[in-house]
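Here is the structure we will look at.
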Amino acid sequence: MKKLLFGIAILAIAVMSQAQRGGFMMGGAGGGANPAMLLGREDVQKDLALTDAQKDKVATLTDQNAMRDRFMKAMQDAGVSFEDMRTDEGRKKMQPIMEKMQADMKKEIDAILTPEQSKRLGQIGVQMAGNRAILQKDVAKALGITDDQNEKIQNLVKMQGDAQRGLFQKMQDGELTREDLQDKMKKNGEIFDTELGKLLTDNQKAKLKEMGGKPFEKKDDGGL
């Protein structure tokens, strides 16, 4: 099951990379920490001061089996197979479905949290995403990302997406283990984050830090 969920996560990254290459920015796989995944972390729940009732609802929402089934159903409804997702055409076909899934998930999350908690979750997401938060439409707008900056961002996104898909293909070909893949993807992500930061002005960097709110006390294991 973990392998299946990991594969789904990689495919989600591919779809979001396709969306960002088309000039559409959004959070989630490419733009930062997924809100649902964040809510599943004990350290995040502690920061938000979730009640027991809220924790129960979050557990149901973020259940791995449920999330897997939701993704698989979306693929089935779109008439897309895992094999199709390796192609640009398949990823483009899945893109609007993924966007709707994220929008629906946000509504469900907002229904569980108070307005204050939802705001804080967004701040934590910005902190966890680092410079990759600028891939989110609302963050990019708030920072005043210029057309020139956006063009450079899209070039980096394309390079990152191509690199990640190349690594995934190597794992499928047996050249990399799943652990090797995760390690290399993490390193690529760190490089990607650094390169994105180089595109920001000092004022934009300061604004991005401000959007993160008070420092979040992150635990490496998520507090689990």
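Would you confirm whether any residue within the range 171-191 is at pLDDT below 90, farther than 15 Å from residue 34 by Cβ and polar (S, T, N, Q)?
There is at least one residue in the range 171-191 that is at pLDDT below 90, farther than 15 Å from residue 34 by Cβ and polar (S, T, N, Q).
For the range 79-92, indicate whether the set of residues that are more than 30 Å from residue 48 (Cα to Cα), among the aliphatic types (A, V, I, L, M) and in contact with a helix residue (DSSP H, G or I) (Cβ under 6 Å, 6 or more places away or on another chain) is non-empty.
yes
Hey, does the range 101-111 have a residue that's β-branched (Val, Ile, Thr), out of contact with any Gly (no Cβ under 7 Å at 6 or more places or on another chain) and over 26 Å from residue 49 (Cα atoms)?
The answer is no, given that none of the residues of the range 101-111 is β-branched (Val, Ile, Thr), out of contact with any Gly (no Cβ under 7 Å at 6 or more places or on another chain) and over 26 Å from residue 49 (Cα atoms).
Would you be able to tell me the number of residues in the range 185-217 that are in a helix (DSSP H, G or I) and either of a type in the set (Val, Ile, Thr) or in contact (Cβ under 8 Å) with a residue 60 or more places away in the chain (or both)?
Residues in the range 185-217 being in a helix (DSSP H, G or I) and either of a type in the set (Val, Ile, Thr) or in contact (Cβ under 8 Å) with a residue 60 or more places away in the chain (or both): 10 in total.
So, of the residues in the range 141-167 that are small (Gly, Ala, Ser) and at pLDDT below 95, which turns out to be farthest from the chain's Cα centre (by Cα)?
166
Scan the range 176-184 and tell me whether some residue there is in a loop (DSSP other than H, G, I, E, B), without any contact (Cβ under 8 Å) to a residue 12 or more places away in the chain and of a type in the set (A, V, I, L, M).
yes
Evaluate the following for residue 177: is it loosely packed, with under 15 Cβ neighbours inside 10 Å and either among the aromatic types (Phe, Trp, Tyr) or within 26 Å of residue 198 (Cβ to Cβ) (or both)?
no
Kindly indicate which of 100, 93 is closer than 30 Å to residue 77 by Cα and under 16 Å from the mean Cα position of the chain (by Cα).
After ruling out the rest, the residue left standing is 100.
How many residues, within the range 63-85, are surrounded by 15 or more Cβ atoms within 10 Å (Cβ to Cβ), over 19 Å from the mean Cα position of the chain (by Cα) and within 21 Å of residue 164 (Cα to Cα)?
Number of matching residues: 2.
Restrict the check to the range 140-157 and report whether at least one residue is in a loop (DSSP other than H, G, I, E, B), touching a Gly at 6+ places or on another chain (Cβ under 9 Å) and surrounded by 14 or more Cβ atoms within 10 Å (Cβ to Cβ).
For the range 140-157, residues in a loop (DSSP other than H, G, I, E, B), touching a Gly at 6+ places or on another chain (Cβ under 9 Å) and surrounded by 14 or more Cβ atoms within 10 Å (Cβ to Cβ): absent.
The values are calculated or read from the model by the stated rules, or taken from the named source; none is laboratory data. Small disclaimer: the values here were computed from a predicted structure and weren't measured. Glycine also receives a Cβ, built like all others from the backbone with ideal geometry; neighbour counts cover every protein chain displayed.
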